[in-house]
Amino acid sequence: MTNPKAIAPGPSMKARAANAKFELDWRRSGEVGRMSDAAHPAWAVYDLDRLHANLAAIRRRCGPGRSVIAALKGNAYGHGAAPVARALEGEGLAAFMTGSFDEARRIRSEGLRTPVVMFAGALPEGMADLVGAGLVPTVVDRAGAEAAARAAAPGEMAPVFVKVDAGLGRLGVPLEEAETFLVDLAAMPGLEVQGLYTHLPFGDARGRDWAEQRFAAFDALLARLEARGLAPPVTQAGASASVAAGLSDRGNAVCVGHLLYGLSPFSETSVADLSEYRPVLAEVGSRLVQVSNHPQGSDIAIAGSYGIRHGRRTGVAPVGAAQGLARPAPGSRPEALIRGRRVPILAVSLEHLTLDLTDVEEAEAGDAVLLLGRDKEAEIGLGELAAWFGMRELDAVLALSGRLAAHYRGAARGATRI
């Protein structure tokens, strides 16, 4: 396989200047209203060692000769696209892929050399912006390809990826038209097809059977392109679900999101063993800002809606729906960790969490409240937290993303806050 880093050109001088201005504007906007943790104690901790360990596990699964593309869409699945990209730079990835133009420019402004490929989503009129920013657009039709070619600097080629719809039915060049489409693009001046990919996700055993059939159809397309000398340097069909389930395909790369962040792509746990992957979101916490004692007979909620009939000691932490927590699912009994013990969550309001401290009499204002993570011997996992609030793990991570002070930790990397 040709080295993808040698394929995709770096951003032009004009693109680098535009990205530098974008980065300055972004940093200035981020400084507005920044507060200390004490002013609003609510945080999320992302473990970069787990990120690297998950990547290593993915590579073991794929075996030698298969490149890895890191999916950074959705703000790196809620983990922060730029911090994740910085952590993975130097890992020899084939590319970063994202659907957000702003996130892609931010990654470019970091000075990273790993190519940044945009998932399909731009109109033909937007191709000039993508190419001008030093990004690699995905094209799904001739109009988009022609627009990308026109955006190339004089004497240069605009790099593109092509997405094929191999059966999902959502987006891409129809599989039966893809070979002819690639032939046309090969003859188009100013255009260089650097990658060809498809997306075949599945969540259960039935979906796995479907994916195997569609992989075979995409493999047949790749075989025909290889025979004609038209196969691009990067070809990809494998993703988190197929990597975990042990499916193979003819492509020379995999694009992983869920597994990279330690999240399950499955709705059925029996599809694959995911025990070697750990969630990168390692901790979600706050602190008690008030502790109160309520004697028997007192009412600490509107019309007694908390259901308390006896004296109770309660605490309040400044996190709630505004910080991404959902109201507890019916029948669930969510808990938090305080001083190494589990305590019941009585209620989630817009900006506050009310906790039952009856069994932690020594609790006081300033004590850490962990909704996710380990405190002494007690631990709450991401799956447990998500289930309490009626969400999938990914949905829980996305709900919290950008709403809490984000800290990144990892061996030899120290800790950073954004």
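The values are calculated or read from the model by the stated rules, or taken from the named source; none is laboratory data. In this text the structure is predicted, and so the values were computed from the model without any measurement. Cβ placement follows ideal geometry from the backbone for every residue including glycine, while neighbour counts extend to all protein chains displayed.
Conditions (1) crowded, with 22+ Cβ neighbours inside 10 Å; (2) part of a helix (DSSP H, G or I); (3) of a type outside the set (A, V, I, L, M), marked per residue:
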position: 230; (1), (2), (3): no, no, no
position: 237; (1), (2), (3): yes, no, no
position: 243; (1), (2), (3): yes, yes, no
position: 247; (1), (2), (3): no, no, no
position: 250; (1), (2), (3): no, no, yes
position: 273; (1), (2), (3): no, no, yes
Just to check your reading of the model, which residue among 275, 267, 292 is of a type outside the set (Asp, Glu), modelled with pLDDT of 95 or more and either in contact with a Lys or Arg (Cβ under 6 Å, 6 or more places away or on another chain) or more than 22 Å from residue 93 (Cβ to Cβ) (or both)?
275
Segment 171-184, residues that are out of contact with any Leu (no Cβ under 6 Å at 6 or more places or on another chain), under 24 Å from residue 121 (Cβ atoms) and of a type in the set (A, V, I, L, M)
171, 173, 175
Within segment 356-407, the residues that are small (Gly, Ala, Ser), closer than 25 Å to residue 39 by Cα and in a loop (DSSP other than H, G, I, E, B) are 363, 365, 366, 401, 402
Which listed residue is within 28 Å of the chain's Cα centre (by Cα) and at pLDDT 95 or above, from 193, 183:
193
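Matching residues to (1) under 30 Å from residue 371 (Cα atoms); (2) outside the structural domain of residue 72 (by TED's automatic domain parsing):
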{"position": "221", "(1), (2)": "no, no"}
{"position": "226", "(1), (2)": "no, no"}
{"position": "232", "(1), (2)": "no, no"}
{"position": "236", "(1), (2)": "no, no"}
{"position": "241", "(1), (2)": "yes, no"}
{"position": "255", "(1), (2)": "no, no"}
{"position": "276", "(1), (2)": "yes, yes"}
{"position": "288", "(1), (2)": "yes, yes"}
{"position": "295", "(1), (2)": "yes, yes"}
Go through (1) at pLDDT 95 or above; (2) within 30 Å of the chain's Cα centre (by Cα) one by one and return the number of the condition residue 150 breaks.
(2)
Scan segment 330-345 and report the pairs whose first residue is of a type in the set (Ser, Thr, Tyr) and whose second residue is assigned to a loop (DSSP other than H, G, I, E, B), with Cβ atoms within less than 9 Å and a gap of 6+ or a chain change.
332/389; 332/390
